[in-house]
Amino acid sequence: MQILPPKELLPYIKHYLFLESAADSQKTLRLFSDGNTGMVFLLNQGRLSINRNDHLPQSFLYGQISHFKDLCVVERISFIIVVFQPDGLYKLLGIPAHELRDQIIGLKDIFGQSADRLYDQLMYCKYPTAKLNALNTFFYTLAIQHKSPGQTCFSNVLKCITDHKGLLSVEELLKLSGHNERQMERLFAEQVGMSPKKFGSIVQLHFFLKLLRNKPDGTTLTTISYESGYFDQSHLIRTFKKYTGFTPSIYLNNTSRLAINFMELQALPDRLSDLYNLS
């Protein structure tokens, strides 16, 4: 279930996700980048780990993901994921985004006892509306304490990239922002945690995913590739595998997606031809 935050929090938070993994035994979940950072709460008694042995905290922040990550889930877990705007976490905390890149940090290490109080509220609140109230109150307080800016000029640059499906050229981006290339690279590293080129590439990929999930019967992948701005189908497949580790057909046929970029890994096809059966 995806829920928007109140409008006052939209400059910082893209949406909340309430998810549940029905795993009764050990399963592998793959997470790949959507250009945003996040805050995760693991409820119930299940465990989430990296490489099967490195157990993650019950609540944590994650920075930008440079490469897809495979996580192991044991037993049933309810997730609440706060998906921030690309620059939302920077605006709330002032921590340079490049310092959080590929990092997973327990919330208690950042927020101390207030993190424990929030987790307890989410764990024991009976209804989703009560959980949302607890989250909204926490982020309202955080924004006030840090005197966090709302919509900024840089936020408008990010919105333009998204509105253009990630297809703005460097020259167009510089003209739009009024910055030179060095300044733009620095702003992206500080506030987003990746380069403008990579951010645009991820926005483009997720526009393709939106078209893929909603494609009418009979629409070929080639048609969707061109509509998404890829040169050809080969270009699309290379980019897709770079960010996700599998092909568009495997993604489309997977029925265990918890979110757009978070899904259970199922058995991969044995025959190479299956990888390219994409129409």
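Side notes on the structure shown:
- Derived from the Cα gyration tensor, the three semi-axes of the equivalent ellipsoid of the chain are 30, 27, 16 Å, largest first.
- Anisotropy class of region 153-214 from Cα gyration tensor, a/c 1.5 cut: prolate
- Here the chain is treated with +1 on each Lys and Arg Cβ and -1 on each Asp and Glu Cβ, and its dipole about the Cα centre works out to around 160 debye.
- Here the chain is scanned for trypsin sites (Lys or Arg not before Pro) in DSSP loops (not H, G, I, E, B) that have at most 16 other Cβ atoms within 10 Å, and the longest stretch holding none of them is 148-270.
- The chain, helix-only ellipticity at 222 nm - DSSP H runs n ≥ 4, -39,500 (n - 2.57), divided by all residues, nearest 500: -12500 deg cm²/dmol
- Proximity of backbone amide H atoms, modeled 1.01 Å from N, is registered between Gln85 and Ile13, Lys14 at under 5 Å, excluding neighbours fewer than 5 places apart on the same chain.
- Take every Cα pair under 8 Å whose residues are at least 6 apart in sequence, average their separation, divide by the length of the chain, and the relative contact order is 21 percent.
- Within the listed set Asp87, Asp116, Asp102, the Gaussian network model of the chain (springs between alpha-carbon atoms below 10 Å) gives the highest mean-square fluctuation for Asp116.
- What the phi angles of region 174-187 give under the Karplus curve with 6.51, -1.76 and 1.60, with θ = phi - 60°, is a coupling list of 5, 5, 5, 8, x, 9, 8, 5, 5, 4, 5, 4, 5, 4 Hz, glycine and proline written as x.
- The mean of 1/r over all pairs of different alpha-carbon atoms in region 1-105, once inverted, gives a Kirkwood hydrodynamic radius of 14.3 Å.
- Charge dipole of the chain about the Cα centre (unit charges at C-beta), most positive-ward option of Val157, Leu4, Leu29: Leu4
- Counting only lysines at least 8 places from Lys147 when in the same chain, those with an alpha carbon closer than 26 Å to its own are Lys7, Lys14, Lys91, Lys108, Lys131, Lys159.
- Placed amide H near Ile77: partners under 5 Å, 5+ positions off or other chain: Ser21, Ala23
Values quoted throughout were computed directly from the atomic coordinates according to the rules given, and no laboratory measurement underlies them. As the structure is a prediction and not an experimental result, all values here were calculated from the model. Cβ: placed from backbone, ideal geometry, glycine included. Neighbour counts: every protein chain shown.
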